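Computed from the coordinates by the stated procedures, all read-outs in this text should not be read as laboratory data. Computed from a predicted structure; not experimentally measured. A quick note on method: Cβ atoms are made from the backbone with ideal geometry, for glycine too, and the neighbour counts reach across all protein chains shown.
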Amino acid sequence: MPKVSLQSSPLNPGVSPVEIHYRDEGEGLPLVLLHGGWGYGLNPFDHQLEKLRDELRVVCPDRSGYGGSTPPGNGFAPDFHYRAAAETLNFLDALNIERAFLWGHSDGAVIAAIIGFTAPKRVHGLVLEAFHYYRMKPASRKFFETLAHEPEALGAELCSRFALEFGEQNWRQLITSHAKVWLDIGLSASGPQSDLYGGRLKEVSAPTLFIHGRLDPRTEPGELEAAAAQLPQAEMQLLDAGGHSPHSEAASADLATRLVSEFISRVISE
């Protein structure tokens with residue numbers, strides 16, 4: 001897998017250089033795939049790389065701390081999505097990618113949206129899958145508390161997959177730190193409707209497609225509707241058989257990929 005070396009990254013402060021490993025397949029307009037908080041290996045984009053590389057250049061980096069990239073330093077800060085957005089733009093600069101479609105999953109969708117309003121000229125279009133809008137996640141609090149303090153309770157099989165993704169020595173630190181920062185984000189909210197974007201999501205001007213599983217357990221009541229209200233021009237696709245990762249779930253991967261391919265084709269033709 002190729003890699004680029006960044007002099008530094010706000011997502012991994014105090015570390016230099018920061019190596020970013022990435023997948024790069026196909027030719028044409030770039031589509032950048034941004035993985036979720038559990039990394040590429042837990043919710044892989046293998047299906048999309050295979051299906052879309054004949055029509056697009058499909059690039060998928062491992063963020064700092066994930067996969068083959070530089071291991072994490074001191075864990076996550078509450079503004080880690082913004083730090084990751086800055087790292088992603090630095091990564092695109094290193095690959096001389098001036099403008100791209102971004103398809104983000106979960107945390108990756110938050111990062112993609114932030115790039116959408118902080119660097120709009122870098123974005124052809126956005127695909128926001130398993131999107132997070134609210135800072136407070138009361139329905140997921142117990143889930144995050146378990147991950148933060150006793151991740152082994154999720155079972156040996158899942159912990160083994162974490163170890164494969166992050167390394168036997170690093171997986172527990174990354175998983176617990178990620179869960180703790182989501183708890184901290186919730187505690188810092190000014191109220192139940194407080195959003196992750198400081199009211200700026202409505203500034204996204206690029207064509208946008210929401211891909212969301214109806215069975216997603218990480219979605220709060222009314223959360224998706226609140227996000228859609230900020231982007232009334234966006235297209236919304238709800239996948240009946242999808243959970244939190246429609247792109248990698250057998251029941252929804254083909255449909256999610258087809259919807260994104262059609263969306264990109266429409267944007268290109270306009």
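If you plug the beta carbon distance of Glu262 and Ala234 into 1/(1 + (r/R0)^6) with R0 = 25 Å, you get a FRET efficiency near 0.95. Prolate is the label for the range 158-228, because the ratio a/c of its alpha-carbon gyration tensor axes (a ≥ b ≥ c) is 1.5 or higher and a/b is greater than b/c. Considering only Pro72, Ala85, Leu33, the residue lying farthest towards the positive end of the dipole of the range 1-115 is Pro72, judged by Cα position with unit charges set on Cβ. For the pair Ala226 and Glu145, a Förster radius of 25 Å applied to the C-beta separation gives a FRET efficiency near 0.55, rounded to the nearest 0.05.
Remark: the range 11-89 carries a charge dipole of roughly 220 debye about the Cα centre, counting +1 on each Lys and Arg Cβ and -1 on each Asp and Glu Cβ.
In summary, the lysines within cross-link reach of Lys202, defined as a Cα separation below 24 angstrom excluding same-chain residues under 8 places away, comprise Lys121, Lys137. When both bridge partners sit in the chain, DSSP labels roughly 30% of those beta bridges antiparallel. Could you pull out every one of the lysines with an alpha carbon less than 21 Å from that of Lys142, ignoring same-chain neighbours closer than 8 positions? Lys142 reaches Lys180.
Placing a label point 7 Å from the Cα of Cys159 along the Cα-to-Cβ direction, no residue of the range 28-60 has its backbone N under 13 Å from that point. Is the C-alpha gyration tensor of the range 125-270 telling us rounded, prolate or oblate? Criteria: a/c under 1.5 is rounded; beyond that, a/b larger than b/c is prolate, otherwise oblate. It comes out oblate by the Cα gyration axes.
For the range 160-270, the residue among Ser194, Gly213, Ile268 whose Cα projects farthest onto the positive side of the dipole built from Cβ charges is Ser194. Could you tell me which of rounded, prolate or oblate describes the range 75-183, using a ≥ b ≥ c as the square roots of the eigenvalues of the alpha-carbon gyration tensor, with rounded for a/c under 1.5 and, failing that, prolate when a/b is larger than b/c and oblate otherwise? Cα axes put the range 75-183 in the prolate bin. Rounded to the nearest 0.05, what FRET efficiency is calculated for Ala250 and Asp79 with R0 set to 45 Å and r the Cβ-Cβ distance? That gives a FRET efficiency of 0.80.
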